[in-house]
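Nothing in this text is a laboratory measurement; each read-out follows from the coordinates by a stated rule. Predicted model only: the values in this text are computed from it and were never measured. As a convention, Cβ positions derive from the backbone with ideal geometry for all residues, glycine included, and neighbour counts pool all protein chains shown.
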Amino acid sequence: MSGNHIYLSIIIPCYNEQQNLVSGVLNEIAQFLAEQKFTYEVIISDDDSTDQSRELVKNFIQDHPNFRLLENQHGGKAYALKYGLEASQGEYVLFTDMDQSTPLSEVTKLLPYTQKGFQVIIGSRGKTRADFNLLRKTASTSFRILRKSMLLKQIDDTQCGFKLAQTKTAQHLFKLMKIFDQSIKANGWVVAAWDVEFLFLAEKYGYNIKEVPVKWSDRDVSTTKNRSFGKFAKESWDMLQQIIRVKKNDAQGLYS
């Protein structure tokens, strides 16, 4: 990178991503970024992984100075993103998942909207979710219908892990989010519906939001995360509770 100005901060939350890291996702990300004209930094925000993730990232960043690792206490995905955002120095920030189910190259579809008055630009997997199994398709459709009945009616996919925003906008919204006030100890990889609160606040505070279709294909090869049906059911319930909590918070004036 030339000069001190960073255009794009890429934040990748990490929890037990050993298999995905071994598959070469960071090399894929680095190769794409090396071909771009904008300046960048990649922040890998680790949520106290219990496998070899941190060691693999440390080895990688030795030869990639634009990449760095944050070693955080365990708190779940939302906290990993929060810590990454607090450390970011870019004009814009992109949240993306380690498994690269949406490849980083899809950011080229989002970036043009930064010049069209949008402060928050989110990737969308659409309504069909072709690579979802029947259970996930059913749960995703049910979640979307229920969520739209309560908030964010104009957005089809709030949960895609590929989101771009002005850094100052994202920092403002994260400071308002009440999910970080909850004294719940994380157990494993806690996803939660942080996205819903983030987008609800963006809409409430008048930021322009753009939803952009992106490629998505399940590439997560991790075997050290808990991906059981029980875990999936609990996450779905927690996400529903989070939506209700956002509605209650707003009704009580907690976002004013």
Seminar exercise, completed: So the compactness index of the stretch 6-251, its C-alpha Rg divided by 2.2 N^0.38 Å, takes the value 0.95
Exercise. So for the pair Q115, K168, with labels modelled 7 Å out along Cα→Cβ, what separation do we get in nm?
Worked result: 2.1
Problem set entry | Burial ordering of E35, E235, fewest other beta-carbon atoms within 10 Å first | E35, E235
Problem set entry | Relative contact order (percent, whole number), the stretch 1-64, Cα cutoff 8 Å, 6+ residue spacing | 50
Problem set entry | Residues of type lysines that K234 reaches as a straight line, Cα spacing below 26 Å, ignoring anything fewer than 8 places off in the same chain | K77, K82, K127, K137, K148, K153, K163, K178, K185, K225, K247, K248
Exercise. In the chain, what % of DSSP beta bridges are antiparallel (nearest 5)?
Worked result: 25
Exercise. What order do you get for M177, M239 when you list them from fewest to most C-beta neighbours inside 10 Å?
Worked result: M177, M239
Exercise. In the stretch 32-181, what percentage of the DSSP-assigned beta bridges are antiparallel, given to the nearest 5?
Worked result: 60
Seminar exercise, completed: With DSSP loop assignment and no more than 15 other C-beta atoms within 10 Å, the chymotrypsin sites (Phe, Trp or Tyr not before Pro) in the stretch 8-92 are F38
Seminar exercise, completed: For the stretch 49-64, Karplus-derived ³J(HN,Hα) couplings (6.51, -1.76, 1.60; θ = phi - 60°; whole Hz; x for glycine and proline) come out as 4, 9, 9, 9, 4, 4, 5, 5, 5, 4, 5, 5, 6, 4, 10, 9
Exercise. Can you run phi through the Karplus equation (6.51, -1.76, 1.60; θ = phi - 60°) for the stretch 145-160 and list ³J(HN,Hα) in whole Hz, with x for Gly and Pro?
Worked result: 5, 5, 4, 5, 5, 10, 6, 6, 5, 8, 10, 7, 10, 7, 9, 4
Problem set entry | Where trypsin sites (Lys or Arg not before Pro) fall in DSSP loop in the stretch 1-101, at most 16 other Cβ within 10 Å | K37
Exercise. What are the aspartates and glutamates whose alpha-carbon lies under 14 Å from the alpha-carbon of K168, with same-chain residues fewer than 8 places away excluded?
Worked result: E86, E91
